[in-house]
Structures are given as C-alpha cells and as structure tokens.
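Trainee: Quick one: structure below, then a few questions.
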Amino acid sequence: MTAAVEVSGLTKRFGSTTAVNEATFTVEENTIHGLLGRNGAGKTTLMQLITGQDFATSGSIRIFGEHPVENSGVLRRVCFIKESQKYPDDFKPKHVFESAPWFFENWDAELAARLIEDFRLPVNRRIKKLSRGQTSAVGVIVGLASRAPLTFFDEPYLGLDAVARQIFYDRLLEDYAEHPRTIILSTHLIDEVSSLLEHVIVIDDGRIIIDQDSDSLRGSATTVVGTGTAVESFIAGHEVLHLDRIGGLASATIGQLTPAERAAATTAGLELTPVSLQQLIVRRTGLATELEKSA
Amino acid sequence: MTTTTVTELARPSRPTSRIGSVVRLHLVNKASIIGTPLIILGFILLVNVAIWAIIAASVTDASDLADAQEGLQWSGASFYLFIYMMVLGILGVSATFPLALGFSVTRRDFYLGTAATWVLLSVFFGAVFTLLAVVETATGGWGLGGRMFTAVYFGDGVWYQRFLLFTAAFLFFFFFGTVIAAIYSRWRVTGTLVFFGILTVLLVALAFLATVTRSWPEVGNWFVVNGAPGLVAWSLVPTVISAVAGYAVLRRATPRG
C-alpha cells in the first residue's frame, strides 16, 4: 500500500497558541479515515495544512509523495471544501456546480444532479441565504461528485437532517465502492460516522492522541455488565476505563479480553457488550463530557 | 457507473489550464461582473442626458448655453464606473480567493487567472467607453452638447488613444483593488487600515512637498506635457507596482472562515 498523506512532526502556531502540535501520521491510499476531535481541537487547521491552504510552522507534509504548498500537479488531485467555506456573495449553488468541473477532472455531473435532487438543494438561491444544512450539502455534493483521489469532508453532517445524513452516508459508500479513493472525514459526531470509518485519528488540543484501525480500536475494550460484586471481582486486575453503578448493578468498561477471560465472564453470569467508538474515544482519552453532549 | 468514468479515474492528470479555469470562475456569474456595470453605466448616461436636456431647455441665450456646455466638459460622471471596477477588483480577489483554494488552485494560478481576467475586462470596458466616446463626438454630445466620455481629462486624441487611456485607467483601478483585497486577505482589517494610513500619509506628504517647493504649476504642467499617451504610459507604473505587490502579499495568505 502507498500513502496518500504523510505528516511528520507537523506543528502550526498562531502567536502563542499551538493549533497543531508535533503531529505525525500516515493515511494509506484508498481508505476512509476519520479525523475526530472536539470543536477547536485543530481538525480544520490540520486539513488546511495538508491541502496547502495554510503554512506549517515546522514539520513536513507529503501528499502522494509531494509537498502540497503551491504544487498544482498534486493539489488538482485533492478536494477540500471546508465547513466554513466562503463563497462570493452573489454565488448560487448552480454557480458552484457549474464551475467545479473546470477544476476537478473526474467530476461526475450526473452524480451531482442526483445529489442535488436527493438533498432538495435550491440551486437558484444565493448561498448566503441557504440554511446551515443546505450550505453543508453544497460542500458534500462537491466532495462526492469531484471524485478527487484525496477528498476531505469537513463536518459534513453539520445542520443536515437525519434523512440527508443517511443520503450522504449511502451515497458515499456506494460511490466509494465503485471509485475507490482516499477519504478523510472530520467530525465531532463520532457515532454517526463510526461504521464508515476504517481508520481513526483523534486529535485533541493539537496533538494526535489516537491513530488506530477502527476494528482494533473497537476490540480494544469491552463493557461488562452484571451485579456489583460479580463485576467488581471480575475487573480486578484489569485496566478500568470507566465504571458506572446503578443500584445493585454495575457496568464497567475495561481493556481487551482474552477468549478465556470472555468465557470466564459468561460463566460468572456477566454480560459482555461491545463499546461504541464514541464511548471508547471518550473513555480512552478521558476527553470530555462535552463530546457526549455535543453528539 | 460506465467504463469511461473508470478509465478516466485511472488516467493520469490531464494538463488542463488552471489559469483559464480561474478566468472562467471569475466570469461564471456574468450578471454581476458585466451586466451590473453596464446597467450602472446606462443609468448614469441616461441621468446625464436628462440633465443636459434640462440645461438645453432652460438656457435660451446662445452665449450662456456655450458657457454651460463649456462647463460640461469637466464631467466626472464616468468616474463611478472606474470606482466600480476597483470594487470588482476587491471583491474578485477577497471573495473568490477562498473558493479557488477550496477548488485546489494554487495561489500562483489564482493570481495569474485573476490578472488575466482584469486585462480582459479592462479591454472590454475600454472598448465600450471608446465606442460611446465616438458616438458622443459623432452626435455632438448626444444632440445636447453633453460630455461624459470625451470629458476633458480623457484628452482629445483619436479613438485608439482614447481606447488605450480608458483601458489603462481600468487596469489601474482593477489592480489597485487587487492590492487592497490581497492585504485584507492576508492581514484582515488591521492590515487594511495600516495600508490606507500609510498611503494617506504619503499622499499628504507629497502634496505638502509640492506646496512648500511651490511646484504645483510644474505638476500641472507635467500633465499637459505628457498628454494622454504619456499618462497611459505613466499609469502603468502604479498598475504594475500594484500587480506585483498584490501577488507578493497574496502568496502567503490563508483563507480563513
């Protein structure tokens, strides 16, 4: 496998704040990566650096093996419509979809037309006057229809209703299966996208704190539910990520279990359930009730 | 999907011109970049014709009328259009730059495409102004002795001299707007204020210098001596400085949202 993105020792400072701090990771080609983190964790800055929209303070970035900054040859393989993308005041969605094919050579006009219909996007209304969700839809449509070998989706769910979110999810998987490419999806709504992600990168306060395959990440913890005493005796000696008690019952999130331990748990009358990616990231990082709240 | 799209994906990048695409991006909404200025121009012309008609109708004495028409050659009516082009220069850069970067265009390609767009538009509006100046002369000032496109500042040269003068003036305003937008894109409001602060100080200092050295007559004389062709040539100096400075500033700018 080759790398679509290689970042090493990447740091970006704005005055006294460090938005990205010594980030190092690699994104393999033709995978769907999740870039997860709280608001203000540094997700957008990181993506702006990778796409040459911003300049690194130190460290190195390669996309498809080349420096991205001012590199037309490699940037034309990238699509990054950020969540806060600015459009000219007089622009309507139709102007965006009319001009996008001039910049993305794999542009699929049919797909764009279908998505416009799916999202019920009013193409003749000024973008300024669109709702948050409709503005998100503009970016999502460009991201999907451009079929860029390296595509970023920045908070694509922002403001989208449940139906629209499902449409995005379905179309992304459908199109990804037919036209494999590298997708980096940033969001703070982890559960919504967790089943899409093959790999997870979690950034907090500018630092990469998790960079792991999502299957192995999911398998790295289990929740044990049962009577308080049974749970307590079982988890003794395990790494406990979280413990909840309700009456005589207890629920504990603990690290990876061996098959023998699993069997033992079942014999002890305990119930084992998988941990959702979101819970896991929250527990593992001790990150934040805020993540749960915002979800 | 079809097999064509699959093979297209597999094919290496086609070397399409990003610069040409940027020109098209600037012009995608023709209504606001070409339509609106033409409507404004038509409106100003119409209002002026109405005013000239009022003058012609209310001044009956022949010598008074000649006097009034003498005054009309100082018309600044077309000046709005030049200012409007500066606004287009500002908006074209500050609003389209973030989108162009979202479309994965390099700053260099964006700037070259933008400069090409300004040249095209300057030539286009220069031609429109020239045409109207020719009509103005041929109809004796729209039949009313009015002057808008043959105002005294535009000299009294032949049509191609007028064309060069108009085009050069449009170019200056587009690129001056570009510098302002580049400064805003890079340093936001603070940078823009500092820029205008410095510019004001410089202009006042020059005016002060001209006054204390009693050289205003020479300044006036300079314009007379150079005439329209000389002004065209000299105007290229600030235009080129603006164009180069605009790129130098925008090269390190980051779109923020």
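The values are calculated or read from the model by the stated rules, or taken from the named source; none is laboratory data. Just so you know, these numbers come straight off a predicted model, no measurement behind them. Note that each Cβ is placed from the backbone with ideal geometry, even for glycine, and that neighbours are counted across all protein chains shown.
Trainee: Among the residues of the range A:18-34, is there at least one that is under 24 Å from B:Thr106 (Cβ atoms), part of a strand (DSSP E or B), assigned by TED's automatic domain parsing to the domain that holds A:Glu178 and among the β-branched types (Val, Ile, Thr)?
Mentor: There is at least one residue in the range A:18-34 that is under 24 Å from B:Thr106 (Cβ atoms), part of a strand (DSSP E or B), assigned by TED's automatic domain parsing to the domain that holds A:Glu178 and among the β-branched types (Val, Ile, Thr).
Trainee: Could you tell me whether the range B:50-64 includes any residue that is polar (S, T, N, Q), farther than 16 Å from B:Trp118 by Cβ and not in a helix (DSSP H, G or I)?
Mentor: Yes: one or more hits.
Trainee: Something else: Please report, ordered by residue number, the helices (runs of 4 or more DSSP H) entirely within the range A:183-260 with at least 2 residues that are closer than 30 Å to A:Ser84 by Cα and at pLDDT below 90.
Mentor: A:190-193
Trainee: Where residues in the range A:205-229 are out of contact with any Leu (no Cβ under 6 Å at 6 or more places or on another chain) and small (Gly, Ala, Ser), which of them is farthest from A:Ala23 (Cα to Cα)?
Mentor: That would be A:Gly228.
Trainee: For the range A:92-122, which positions are among the aliphatic types (A, V, I, L, M) and surrounded by 16 or more Cβ atoms within 10 Å (Cβ to Cβ)?
Mentor: Of the residues in the range A:92-122, the ones among the aliphatic types (A, V, I, L, M) are A:96, A:100, A:109, A:111-113, A:115-116, A:121.
Answer for the range A:92-122, where residues must be among the aliphatic types (A, V, I, L, M) and surrounded by 16 or more Cβ atoms within 10 Å (Cβ to Cβ): A:Val96, A:Ala100, A:Leu111, A:Ala112, A:Leu115, A:Ile116, A:Leu121.
Trainee: Return the total of residues in the range A:98-109 being more than 12 Å from A:Ile81 (Cβ to Cβ), assigned to a helix (DSSP H, G or I) and within 25 Å of the chain's Cα centre (by Cα).
Mentor: 0
Trainee: Related question: Has the range B:104-111 got at least one residue that is more than 9 Å from chain A (Cβ to nearest Cβ), assigned to a helix (DSSP H, G or I) and of a type outside the set (S, T, N, Q)?
Mentor: Step one: filter the range B:104-111 for residues more than 9 Å from chain A (Cβ to nearest Cβ), giving B:110-111.
Okay, now just the ones that are also assigned to a helix (DSSP H, G or I), so B:110-111.
Next, only the ones that are of a type outside the set (S, T, N, Q) stay: B:110-111.
Checked against the condition, which is being more than 9 Å from chain A (Cβ to nearest Cβ), assigned to a helix (DSSP H, G or I) and of a type outside the set (S, T, N, Q), the range B:104-111 yields at least one hit.
Trainee: Filter the range A:77-95 down to residues that are out of contact with any strand residue (DSSP E or B) (no Cβ under 9 Å at 6 or more places or on another chain) and in contact (Cβ under 8 Å) with a residue 40 or more places away in the chain and give me whichever is farthest from the other protein chains (Cβ to nearest Cβ). Please lay out each step first, then the result.
Mentor: Narrowing the range A:77-95 to residues out of contact with any strand residue (DSSP E or B) (no Cβ under 9 Å at 6 or more places or on another chain): A:86-95.
From the residues that got through so far, the ones that are in contact (Cβ under 8 Å) with a residue 40 or more places away in the chain too are A:87, A:93.
Numbers: A:Tyr87: 6, A:Pro93: 12 Å.
Restricting to residues being out of contact with any strand residue (DSSP E or B) (no Cβ under 9 Å at 6 or more places or on another chain) and in contact (Cβ under 8 Å) with a residue 40 or more places away in the chain, the top hit is A:Pro93.
Trainee: Which of the residues that make up the range A:142-181 are more than 21 Å from A:Thr51 (Cβ to Cβ) and within 14 Å of another protein chain (Cβ to nearest Cβ)?
Mentor: Of everything in the range A:142-181, those that are more than 21 Å from A:Thr51 (Cβ to Cβ) and within 14 Å of another protein chain (Cβ to nearest Cβ) turn out to be A:Arg171, A:Glu174, A:Ala177, A:Glu178.
Trainee: With respect to A:Gly139, determine if the residue is touching a residue at least 12 places away in the same chain (Cβ under 8 Å) and more than 11 Å from every other protein chain (Cβ to nearest Cβ).
Mentor: No; evaluated as a whole, the condition is false for this residue.
Trainee: Taking the condition part of a helix (DSSP H, G or I) and modelled with pLDDT under 90, does B:Ala228 pass?
Mentor: yes
Trainee: State all residues of the range A:116-159 that are among the polar types (S, T, N, Q) and over 12 Å from A:Lys82 (Cβ atoms); if no residue qualifies, say none.
Mentor: Answer for the range A:116-159, where residues must be among the polar types (S, T, N, Q) and over 12 Å from A:Lys82 (Cβ atoms): A:Asn124, A:Ser131, A:Gln134, A:Ser146, A:Thr151.
Trainee: Another question about this same structure. Of all residues in the range A:46-76, how many are within 11 Å of chain B (Cβ to nearest Cβ) and over 22 Å from A:Glu105 (Cβ atoms)?
Mentor: The qualifying residues number 4.
Trainee: Would you mind telling me which numbered condition in (1) touching a residue at least 60 places away in the same chain (Cβ under 8 Å); (2) within 12 Å of chain B (Cβ to nearest Cβ) A:Lys43 fails?
Mentor: With (1) touching a residue at least 60 places away in the same chain (Cβ under 8 Å); (2) within 12 Å of chain B (Cβ to nearest Cβ) applied to A:Lys43, the lone miss is (2).
Trainee: Within the group B:Phe97, B:Phe124, which residue is aromatic (Phe, Trp, Tyr), surrounded by fewer than 18 Cβ atoms within 10 Å (Cβ to Cβ) and within 30 Å of A:Phe104 (Cβ to Cβ)?
Mentor: B:Phe124
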